[in-house]
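Reviewing the structure listed below.
The values are calculated or read from the model by the stated rules, or taken from the named source; none is laboratory data. What you are looking at is a predicted structure, and each value in this text was computed from that prediction instead of being measured. With ideal geometry, Cβ positions are generated from the backbone for all residues, glycine too; neighbour counts draw on all protein chains shown. Accessible surface areas use protein heavy atoms only, side chains included; no ligands, DNA or RNA. Shrake-Rupley method; radii C 1.70, N 1.55, O 1.52, S 1.80 Å.
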Amino acid sequence: MPSPAQPSPTEPSEPREPTEPPQPVEPAQLSKPPAPAQSGTPARPPAPSPAADRAAKLAVTVFPALVLLAGAAGLFAPGTFDGWSANVPYLLGVVMFCMGLTMTPLDFKGVARRPWAVLIGLVAHYVIMPGLGWLVAHLLGLSPQLAAGVILVGCAPSGTASNVVTFLARGDVALSVSVATVSTVLAPLITPPLTLLLAGTYLPVDAGAMVGDILKTVLLPVLGGLLVRFVAGRIVTRVLGVMPWLSSVAIAAIVAAVVAASADSIKSAAATVLLAVVLHNGLGLALGYGAGKLTRLGPPASRAMAFEVGMQNSGLAASLATAHFSPLAALPAAVFSVWHNISGALVAAVMAHRSRRAERVPTATTAPEPTP
């Protein structure tokens, strides 16, 4: 992924619009923006094209609706999905393979060009969300299964639907893609020990087995997608538009399987789980944005930080919870999968409106220079 020049402290630059319209993902990556000029003060890029805006809005509208329908099917016709829980890791592998197909070496070069910003995003993500997961579970007095599920969501890497939402918010898309990429690659090393530390008081956690599962269901499929794109790049480019939809269908199937497996318990726990998810996600968005402001990354990067911290790879959390805890523990991840796309789209709309208004203010208030 191309990486923009480091923003000036006095005039941070907005990211350029993606060269291809973003597609619905959860986690297939959207197309990356071209790099701005590296010399001089970065100019403010043009506003996103109407076509790209429409594609991004379609992504954050269709995906939650699809997942919501899948959840309803699992709840009201659980027998239809008998035995699907065993397929959740394979479905997640499909999602991550699709993500790998959309990645290029430029994604990693961008990390090398902006290590400080990416490091801030990575630390904020893996400190804020796990801590919030533990705090929410403690304050709400959740049962051990649900508490472990909420904490596991917080310990998961960034969900790359955040890339699409960052684009809608007029945020730094290149930074968003970099943080999501690195957090995913490092997940086998970070997610299991964090889960053991924070959720181990609620349920037994086999961190070693969890490392193996993340390697098999996340890292290997991502690397496989990268390899296929390297070997057959032209063919892959022709079908890239299908990958996000395939990823979305796989995530919907995961949600249906998770909900069906715990359908009997959902009615009594639904309100509590929804409250936990809303608090977890909302505080994550706010604190992520605050982290960007506190470290003076600039407005576009701060908007990206909000979504990189507040939006999670809930598909991975659901898979790990199903495999290591129980279907009930995977319920917070299933609810999070729907809610964080809805809240992300709403927050992005507010941020984009404020960004456009801030751009118009200097133009409206600057008086013309007098002619001699």
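In this calculation the C-beta distance from residue 272 to residue 201 is compared with R0 = 22 Å, giving a FRET efficiency of 0.70. Rolling a 1.4 Å probe across the protein heavy atoms gives the stretch 67-220 an accessible surface of 36 Å² per residue. Residue-wise HN-Hα couplings along the stretch 62-77, as the Karplus relation 6.51 cos²θ - 1.76 cosθ + 1.60 with θ = phi - 60° gives them from phi, are 6, 4, x, 5, 5, 5, 5, 4, 5, x, 5, 5, x, 6, 9, 9 Hz; Gly and Pro carry x.
Under 5 Å from the amide H of residue 312 lie the amide H atoms of 159, each residue being 5 or more positions distant or on a separate chain, with H modelled from the backbone and absent for Pro and chain starts.
Report note on the peptides 179-189, 263-273: ranked by the mean count of other C-beta atoms within 10 Å, highest first, their order is 179-189, 263-273. Across the stretch 183-194, rounded Karplus estimates of 3J(HN,Hα) from the backbone phi angles (6.51 cos²θ - 1.76 cosθ + 1.60, θ = phi - 60°) give 5, 6, 5, 8, 3, x, 8, 9, 4, x, x, 5 Hz, Gly and Pro being marked x. For the stretch 86-178, what class follows from the C-alpha gyration tensor (a ≥ b ≥ c being the square roots of its eigenvalues): rounded when a/c is under 1.5, otherwise prolate if a/b is larger than b/c, else oblate? It comes out oblate by the Cα gyration axes. Each of residue 87 and residue 138 was given a label point 7 Å from its Cα along the Cα-to-Cβ line. The distance between the two points is 4.1 nm. The stretch 316-332 and the stretch 184-248 have Cα centres lying 15 Å from one another. The modelled label-to-label distance for the pair residue 354/residue 80, using points 7 Å beyond Cα in the direction of Cβ, is 4.1 nm. Judged by the mean number of other Cβ atoms found within 10 Å, the most tightly packed of the peptides 309-319, 99-109 leads the ranking 309-319, 99-109.
Take residue 339: with every protein chain present and a 1.4 Å probe, its accessible area is about 70 Å².
Which whole-number percent gives the relative contact order of the stretch 134-224, counting Cα pairs below 8 Å spaced six or more residues apart?
Normalised by residue count, the contact order of the stretch 134-224 is 30 percent.
Given a 1.4 Å probe and the protein chains as shown, residue 357 ends up with an accessible area of around 120 Å². Taking θ as phi - 60° and the Karplus parameters 6.51, -1.76 and 1.60, the scalar couplings of the stretch 216-233 work out to 6, 9, 10, 5, 5, x, 5, 5, x, x, 4, 5, 4, 5, 5, 7, 10, x Hz in sequence order, x denoting glycine and proline.
Would any residue of the stretch 82-109 have its amide N under 11 Å from a label point 7 Å out along Cα→Cβ of residue 228? List them or say none. Taking a point 7 Å out along Cα→Cβ of residue 228, the residues of the stretch 82-109 whose backbone N falls under 11 Å are 94-102.
In a reduced charge model with +1 at each Lys and Arg Cβ and -1 at each Asp and Glu Cβ, the stretch 140-288 shows a dipole moment near 480 debye about its Cα centre. Under the classification rounded if a/c is under 1.5, otherwise prolate if a/b is larger than b/c and oblate if not, where does the stretch 189-276 fall, given a ≥ b ≥ c as square roots of the Cα gyration tensor eigenvalues? Judged from the Cα gyration tensor, the stretch 189-276 comes out oblate (a/c at least 1.5, b/c at or above a/b).
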